[in-house]
Amino acid sequence: MAGTKKKKTLVIVESPAKAKTIEHYLGAGYTVKASMGHLIDLPKSRIAIDISHNFEPEYITVRGRAKLLKELQKDAKNSDVVLLASDNDREGEAISWHLNNVLKDKTSAAIHRITFNEITPVAIKEAIKHPRTIDESKVDAQKARRILDRLVGYNLSPLLWKKVKNGLSAGRVQSVALRLICEREQEVEDFIPEEYWTLDADFVKGKNKFTAQLVQYKGEKPELKNEKAVNDIIKEIGDNECIIADIKESEKILRPKAPFTTSKLQQAAANRLGYTSKKTMQIAQQLYEGVQIGSTRVGLITYMRTDSVRISQSAIDDVRAWICKNFPDDLPDEKIEYSVGKGAQDAHEGIRPTYTKYTPDVVKEYLTRDQLRLYSIIWERFVSSQMKNAVSKTISADIRAGDALFRASASKLSYKGFYSVIKTLSSKEEVKGSLPSSLKVGESLASGKFYPEQHFTQGPSRYTDASIVKTLEEKGIGRPSTYAPIISVLLDRYYVTRSNKQLVPTQLGKIICKILVESFPAVINEKFTSDVENDLDKIERNELVWNSMITDFYEPFKLQVDKVNDTQESLKGSLDEKTDQVCEKCGKPMLKKLGRFGYFLACSGFPECHNTKSIPLAKCPRKDCNGDIVARKTKGKGKEFYGCTNYPKCDFITHFKPINSVCPKCGWFLVEKYDKKNGFYKSCINPDCDYLHSPEEEKESPVLSGE
């Protein structure tokens, strides 16, 4: 009897890395190919929405993807089964829906949809056992989001071209994020710092010395607004006897945190590792899709776009077994469950390692430095989430000196609990301060040196990647998949720049924001954006028809667009500034203009003369070189540096931004530097000069000519 012929199965995923990992798991009989994301989408050249016919979209094959599509159609034709395995979210469902539509007429193969949360042999094979049909409601939610964004962008962008300058663009979600950043910048600019002082003092018992802070004066919290107030207190209490008035001990229960969601991962990676949201998601994608660990290719983490902290029972069993083996005293009697946030879609688990046994130490030789650091915090956060609480013990001592009360505290972990696995995510709560162990109430101490310190009240902080993602999540703006792209778009359009990891709106960004907010207050606001996300969720749950949502939005929006087109004053040319520089090609004055990547110089004789050049920031300090220092960018990542216009004849470069002052000691230009201790400060670029530019000296420093 002849053997049964084995079926040929084609699996289509989104990326080549994922295809490589899955093909490694499935072996013979399976071919795994990558669609490279969307193959079918709206064209870029026109709006492609039939507004008069229920907003039906006009989809086309994405430019440059026709060859790949034909290859997939050929592969499908030669297969018995086609499994569409794009990501288990709205975009992934839409990709599978489009693939199904273009493949079903080219093959007799059965076409199914499969989904999985992690790329492991068990998860993939389990998914293949349980194929399903495409979720039309999820596709409709993606379609509604895509069409809504297209209608907003393709109406607002031409308006900006007409009223401000060509090449600008606007979007539904990123314009709200821009508004948040601009409003925060206004708060920063409006803030007026106020002076205040603190007072610390050394106290001595035997050979032990410790420092305490003034916490009360004459029974009230001290308000030290200037140096005189501090010195008056020091003078008054300086000769008083110092006595320990009270000693208190307390314990604090420290609970582990839930596994990461997308936003929490981006926040932790930004705060702990200094990663941008974009970098975090790129590295997480690599860990998810698969890394070569020795002779085995492993998807190291679960799907990284999620707003849930839910964990599967198999993963709970795995991590509890690992904790029982390695830290048996820190294993709780029962698993720890965490509540899923309000509004979370809960389609995926929280972000976790696929196998607890792959500890950071086990995989470190196979990962890049960036991959290891991100994987480490994901592994630590997940494993610690299923361990016992830690306990922190705090001892505080109050020392009375006349009318003044000083307090010193020290804390340390009396029980490590979940901190046993925490390294990269270690907290300051573990050990804090120190006190002599033999202090007793009523005993006298010798007073030592006083430490008065001047401070200024801190205004609101500019947004960083971490804080803007946190705010977007709290306000219901966007979804886990959109946080990183929102920031990237604002940076790419030069509406926002990064300064020491802070997001700062440009002049162009402020102008765009002002026009959009004043002209379209009903659209460029948090509530509308959050309401849209809620409506998309309703469409996905089959509680709302997608084109009725679009209809309700579009009619009043289009009326407002037409009104603004007729009434908004044109700002074209208003951003140009005259300079005293002359075009070396035609002799006409040069203008300082704002372009997509910042300010530049352009000839006022345009279009007859096309001469443009970078704005000089300083004079080259090299002898016998009369060049200017201008901003340049490296190829690839486009990292900015500053170099001489006479390159390659002069190869002077610096990575510090020049400011419009020269050093009074050596004549080289000054630059702006930053470190955590001093914040922003000015320094001479000359490596042989030790001049640091203080605010007092700034008044005496000559300004560069032509600035």
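The values are calculated or read from the model by the stated rules, or taken from the named source; none is laboratory data. Just so you know, these numbers come straight off a predicted model, no measurement behind them. Positions of Cβ are backbone-derived with ideal geometry, glycine not excepted, and every protein chain shown enters the neighbour counts. These accessible areas exclude ligands, DNA and RNA; they are computed on the full protein's heavy atoms, side chains included. Shrake-Rupley method; radii C 1.70, N 1.55, O 1.52, S 1.80 Å.
General remarks:
- Shape analysis of segment 442-591 places it in the oblate category; the axes a ≥ b ≥ c from the Cα gyration tensor give an a/c of at least 1.5, with a/b not above b/c.
- With a threshold of 18 Å on the Cα-Cα distance, the over-threshold entries among K588/K633; K572/K593; K44/K572 are K588/K633; K44/K572.
- Percentage relative contact order, segment 205-357, counting C-alpha pairs under 8 Å, at least six apart: 22
- With R₀ set to 45 Å, the beta-carbon distance separating V340 from A245 gives a calculated FRET efficiency near 0.40.
- Using R0 = 25 Å, the C-beta based FRET efficiency linking S461 and Q507 works out to 0.75.
- C583 accessible area, 1.4 Å probe, all protein chains in place, Å² to nearest 10: 0
- Residues listed by number, segment 433-467, amide nitrogen under 16 Å from I234 label point at 7 Å toward C-beta: 447-455
- Per residue, in Å², the accessible surface of the chain once ligands and nucleic acids are set aside, probe 1.4 Å: 53
- For segment 143-230, lysine pairs with C-alpha atoms less than 26 angstrom apart, excluding pairs fewer than eight positions apart on the same chain, total 4.
- Candidate cross-link partners of K585 among the aspartates and glutamates, defined by an alpha-carbon separation under 13 Å and a same-chain spacing of 8 or more, comprise E608.
- Of the DSSP H helices in the chain, those whose Cα atoms cover at least 24 Å axially and whose Kyte score averages -1.0 or more: 136-163, 172-190, 546-567
- Pairs over the 27 Å Cα-Cα cut-off, from the set K18/K74; K33/K470; K257/K440; K514/K578: K33/K470; K257/K440.
- Placing +1 on the Cβ of every Lys and Arg and -1 on the Cβ of every Asp and Glu, with nothing else charged, gives the chain a dipole about its Cα centre of roughly 2740 debye.
- A dipole drawn for the chain from +1 and -1 charges on Cβ atoms has a positive end, and of S461, Y415, F260 the residue lying farthest that way is F260.
- Counting all C-alpha pairs of segment 95-231, share separated by more than 19 Å (%): 78
- Working from Cα pairs under 8 Å separated by at least six residues, relative contact order for segment 250-327 is 27 percent.
- Overall shape of segment 462-543 was characterised from the C-alpha gyration tensor. The equivalent ellipsoid obtained from it has semi-axes of 25, 17, 10 Å, in decreasing order.
- Neighbour-limited loop hits for GluC sites (Glu not before Pro), segment 33-103 (at most 15 other Cβ within 10 Å; DSSP other than H, G, I, E, B): E58
- Whole-angstrom gap from segment 135-179 to segment 216-285, using each part's C-alpha centre: 42
- A helix-only calculation puts the chain at -10500 deg cm²/dmol for mean residue ellipticity at 222 nm, using -39500 (n - 2.57) for each DSSP H run of at least four residues, averaged over all residues.
- Dipole of segment 214-303 [Lys/Arg +1, Asp/Glu -1 at C-beta], most positive-end residue of I234, Q286, A269: Q286
- Short-range pairs are left out: with C-alpha atoms under 8 Å and at least six residues apart, the relative contact order of the chain is 13 percent.
- Atom-type composition of the exposed protein surface of the chain places 49 percent of the accessible area on carbon and sulfur (1.4 angstrom probe).
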